[in-house]
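Throughout, read-outs are computed from the coordinates displayed, never taken from laboratory work. For clarity, every value in this text was computed on a predicted model and none was experimentally measured. We place every Cβ from the backbone using ideal geometry, glycine too, and count neighbours over all the protein chains shown.
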Amino acid sequence: MDATRPENGAVILGAHAGIADKSALLADVAFDVTPVHLPSGRGTVMVKPLSRAQAMALYGRELSARDMECEMLAGACVNPRFTIGEVKIWQERDQAGQDIMALVDAIMGLSGMEIGAGKAAYKQFRG
């Protein structure tokens, strides 16, 4: 089997690749957390990337930018943690999305998603 063509993006098989341990793939893992310093100077929020399941739960759904933010922040903020209801309150009080957009951009970057402003940041989720 010829799978030694890295120039075309093929996966290299052979002596370097071993069979994945299914129990290791299915084991509960701790995500790395990243501090995000809020531009308002009101502190730091610890965030994690969205899991594949969390990202896929958002993908293709017709959600408003507001609802997308709520679900994203509720799922990725580790310390402090927020409920969707708390994020909605924060959205009402955050000056032009200053702190929230910093968090959204950080979470999207950590999660391997496109980073952008406003609704444009969420267009990739729409079907």
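Can you put Phe31, Phe82 in order of Cβ neighbours within 10 angstrom, beginning with the fewest?
Fewest-to-most ranking of Phe31, Phe82: Phe31, Phe82.
With 10 angstrom as the radius, rank Val33, Val47, Val87 by how many other C-beta atoms surround their C-beta, starting from the fewest.
Val33, Val87, Val47
Could you work out how far apart the two model spin labels at Met46 and Asp28 are, taking each label as a point 7 Å from the Cα in the direction of the beta carbon, and quote it in nm?
Placing both labels 7 Å beyond Cα along the Cβ direction yields 1.7 nm.
When the scattering of the stretch 29-125 is computed by the Debye formula from its Cα atoms alone, each counted once and equally, what is log10 I(q)/I(0) at q = 0.22 Å⁻¹?
The Debye formula, applied to the Cα set alone, gives -1.22.
Using 0.36 nm per residue, how much length does the chain from Ala57 to His37 gain when fully extended, once their Cα-Cα distance is taken away?
Length difference between fully extended and current span is 4.5 nm.
Taking the Cβ-Cβ separation of Arg81 and Ala20 as r and a Förster radius of 22 Å, what is the calculated FRET efficiency to the nearest 0.05?
Taking R0 as 22 Å, the efficiency between Arg81 and Ala20 is 0.10.
Taking amide H atoms as placed 1.01 Å from N in the peptide plane, list the residues 5 or more away in sequence, or in a different chain, whose amide H sits under 5 Å from that of Met46.
HN-HN under 5 Å from Met46: Val36, Val78, Asn79.
Taking other Cβ within 10 Å of each residue's Cβ, how do Leu103, Leu58 sort, fewest first?
Leu58, Leu103
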